[in-house]
Amino acid sequence: MELLGAGDPRRIGPYVLMGRLGAGGMGAVYLGRSAGGRTVAVKVVRPGLSQDPGFRDRFRREVHAARRVSGAFTAPVVDADPQAETPWMATAFVVGVSLHQAVTRHGPLPEGTARTLAAGLAEALVEVHHAQLIHRDLKPANVLLALDGPHVIDFGISQAADGTALTTGGAVIGSAPYMSPEQALGHELTAASDVFSLGATLAFATSGRNLFGDGASAAVLFRVVNTAPDLNAIPASLRELVAACLAKDPAHRPTPRQVIEFVSREGRTGPTANWLPPAVAGDVAALRSVLTSLPEPPANDGLTLPHPAGDSGRPPADAVPARGPRRRTVLLGVGGVVLAAAGAATAVTLSAGHGTAGTGGAGSGARGGARSGAQAVPSPTATTRPTWSDVREGVLSWKVSPSQAQGDGPRQVLAAGGLVLVVSFQHVRALDAQGNTRWTVRAADHGVGFTSTDRPQQLAAVDNGVLYVGATAWPPDVTVPTPAPGMQHGGLVLLAIDLAGGTVRWSTACDQQNLLGAFRLIGVAGNRAQLVGLGDGQLHPGPIAAGSSTNVWAVDLSSRRGAWFHGDSETLVFEALQQGGDHSVVASGGHCVALDANGRVLWTKNRATSVVAAIGGSFLLADQNGVPVAVDPSTGDQVWSAPGPLRPSIDNDAIAVSPDGGTFYGLWKDQDGGQSLAALDSTTGHDRWRTPLPALAPDTRNTAGARLLQADGNLYWMADDAVVWALDPAAGTPRWRFSGFKGTDPAGLGWAAGDSRLCVVDPNGMAVAVLPSNGV
């Protein structure tokens, strides 16, 4: 707990504020006490936001939603005034420590405690869902362990069953390691999304780690959507339950009541006096001891609201409560360690970018982002943003659905040699200038599946008149692709297809064992194709969890055989090939590795990376805070750095590079919550130009989808509302736009540019759309 500073209120409504529990971009949470001695957690809105009618409306709806939830395992609202000059809401203060703190300090919970936890969380979700709400942020930091059982807190980003989100528009909602796949992809949510979060939370409680890893949000979300986690550290009696909760398909998850029934079949589910392990119970007891020793506040303590703008921020001498120092001494004295550890976790978090201190997670300023705890409050000075309302609308050349077969929606599109090349699970098709099929290659004829997820996937590249496609060896009885659990079918395969006629010139398979399939084609350079696959090629005891390890396989295109193989114990989510060279960089959520032309490791950086790109003669790396740094490909030494934060992307396409490599383009996050587009010199990192981009509509959802392309003299930007803009790369001014996919989740779209075309694929809509590069 923090001392009250000069800018903090000393009283709000009927409550005297004893100390600050947590803070974020939207305000702060305080420990409050009424004149009658009732202790509450008080959420107080930041003064600047209280003047925003739109925010007031959202806060009022949040209060309404929170009031709808009651039950033994939640923290109910006891008082609120969303219409006050400074809006606030008070919830019951649960005397407990957060699940995250308990596990971090004392290790995984014993099996009996975990069983009670599972039932308690499920009972809380029953109440939440009965109120026609979806919590959307169930995670260890939002679970308090009290002597009477677990309690779920924080309904600040809950969503009504009618789909009304109680948060600011444009935010990625949720905390990455605990988000459901459908939540990560921006799909419509049901109550089953909370059950996935319950499973991930229970796994953390019993294993002491995030099942889907840590690091940049893009890396974590990638694993959430595409990989099956390793459940071996979870007690056997709970493993089946956790696996069921973590089903990728929401329809296959149990309901909260079924979770309760599962635990009940195995024994007692309710909390007992000693349901917590002694160390955790001791922390709770110490916290309770400190709270019960707090002095009762006098009826008139001389406490004041925040000072008006322009004031010095210091209260007059006669307004400082005489007993204040002694009260704060008590708060920070005996038991202060427990309060410091647990205080922030007891707070109801506020901002879309705020999480409880020390909770971990990943992201780019969105809720559940890479950095937990209080975020810097943006400057109130807003950037002047253009509207681009008069920019002409582009006209489609054609839009087709090459296949209507289940699971065979287009996953990747390329434009080359006068053809539009479309890759799906079962086929590679070449479409002509009118969208008619020129030729088709069937995956089944070669014993493979071309793609392996239900979202866009890059497994093909064109070089010197040949289309190279990475594939997974697939048994003939498997006809429909599934997410990661169904990918455990075979090894890596590379096919070379003649671009003009569609003939498969040759194919080759990786000779390493214990591989699960292809996932991305990094590209072709130095007469070698580099493919990212699942599995590290090592023999492991027990079944291999899809995505728990990965590899890079390089194929010599002359000999048509594998040139080298690099196995990695982590999931490689970002990669880049050196422009004009033969080095490559691959990155996981925890480290970044550079490989030479023979697959030897040149250098390693043990840190999370949110952006990886090849720019000119360097590699560009951005850390979790979005700070871009150019490094030497051979040594990893820093060449230059530039101010951040640079926006990341779930598909690592946040950077575009000019054909000569001398300029790169990126999207930067601005202090007003918007973004700017900038062109930088690849050699020095200095700006060539920078321009603010239009503000997005308030209801636009941020999907971690910063996306840029450069081709045919255009710089293409796909905005968070899926509107595609064609810009002048010399100045960033708009030339035309295409709004045909507006409102679609851009993270669910694939795209490519070249050969005087811009191509977009929608796997869910089974569509391929093509526009000319001039928009008409």
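Filtering V611, V593, V629, V585 for residues that are closer than 21 Å to L715 by Cα and modelled with pLDDT of 90 or more leaves a single hit, V611. In the range 681-771, counting only strands (runs of 3 or more DSSP E) that sit wholly within it, none holds 3 or more residues that are surrounded by fewer than 18 Cβ atoms within 10 Å (Cβ to Cβ), among the acidic types (D, E) and over 24 Å from the mean Cα position of the chain (by Cα). Being of a type in the set (A, V, I, L, M, F, W, C) and closer than 22 Å to S175 by Cα is a property that does not hold for A679.
What are the residues in the range 577-624 that are of a type in the set (S, T, N, Q) and either in contact with a helix residue (DSSP H, G or I) (Cβ under 8 Å, 6 or more places away or on another chain) or within 20 Å of D653 (Cβ to Cβ) (or both), if any?
If the condition is that a residue be of a type in the set (S, T, N, Q) and either in contact with a helix residue (DSSP H, G or I) (Cβ under 8 Å, 6 or more places away or on another chain) or within 20 Å of D653 (Cβ to Cβ) (or both), then Q578, Q579, S584, S588, T609, S610, S618, Q624 are the ones that fit.
Of all residues in the range 133-161, those satisfying the criterion of being more than 16 Å from P76 (Cα to Cα) and modelled with pLDDT under 85 are Q159, A160, A161. Being among the basic types (K, R), in the same structural domain as S175 (by TED's automatic domain parsing), crowded, with 19+ Cβ neighbours inside 10 Å and in contact (Cβ under 8 Å) with a residue 60 or more places away in the chain is true for just one of R115, R105. Which residue is that? Being among the basic types (K, R), in the same structural domain as S175 (by TED's automatic domain parsing), crowded, with 19+ Cβ neighbours inside 10 Å and in contact (Cβ under 8 Å) with a residue 60 or more places away in the chain holds for just one of R115, R105, which is R115.
Across the range 542-565, the number of residues qualifying as buried (at least 22 other Cβ atoms within 10 Å of the Cβ) and either modelled with pLDDT under 85 or more than 18 Å from L459 (Cα to Cα) (or both) comes to 3. The criterion of at least 3 residues that are modelled with pLDDT under 90 and surrounded by fewer than 17 Cβ atoms within 10 Å (Cβ to Cβ) is met by none of the strands (runs of 3 or more DSSP E) falling completely within the range 347-460. Condition check for S634 on (1) more than 30 Å from L693 (Cα to Cα); (2) outside the structural domain of H686 (by TED's automatic domain parsing); (3) small (G, A, S); (4) in a loop (DSSP other than H, G, I, E, B): one failure, at (2). Filter the range 191-241 down to residues that are part of a helix (DSSP H, G or I) and of a type in the set (F, W, Y) and give me whichever is farthest from H129 (Cα to Cα). If we take residues in the range 191-241 being part of a helix (DSSP H, G or I) and of a type in the set (F, W, Y), then F222 is farthest from H129 (Cα to Cα).
Mind listing just one residue for me: the one in the range 432-457 that is among the polar types (S, T, N, Q) and without any contact (Cβ under 8 Å) to a residue 60 or more places away in the chain and, of those, farthest from N226 (Cα to Cα)?
Residue satisfying both the conditions and the ranking: Q434.
In the range 580-611, which residue that is touching a Leu at 6+ places or on another chain (Cβ under 7 Å) and among the β-branched types (V, I, T) is surrounded by the fewest Cβ atoms within 10 Å (Cβ to Cβ)? Among those residues, the one meeting the criterion is V601. Scanning the range 111-150 for residues that are farther than 24 Å from R60 by Cβ and not aliphatic (A, V, I, L, M) turns up E111, G112, T113, R115, T116, G120, E123, K139, P140, D148, G149, P150. None of T691, T744, T684 is of a type in the set (V, I, T) and more than 29 Å from G617 (Cβ to Cβ) except T744.
What do you reckon, is G599 in contact with a Ser or Thr (Cβ under 8 Å, 6 or more places away or on another chain) and not basic (K, R)? Criteria not met by G599.
The number of residues in the range 468-492 being modelled with pLDDT under 95, part of a strand (DSSP E or B) and surrounded by fewer than 23 Cβ atoms within 10 Å (Cβ to Cβ) comes to 1. For the range 32-48, residues that are modelled with pLDDT under 75 and in a helix (DSSP H, G or I) total 1.
The values are calculated or read from the model by the stated rules, or taken from the named source; none is laboratory data. No experiment lies behind these values; they were computed from the predicted model shown. Glycine also receives a Cβ, built like all others from the backbone with ideal geometry; neighbour counts cover every protein chain displayed.
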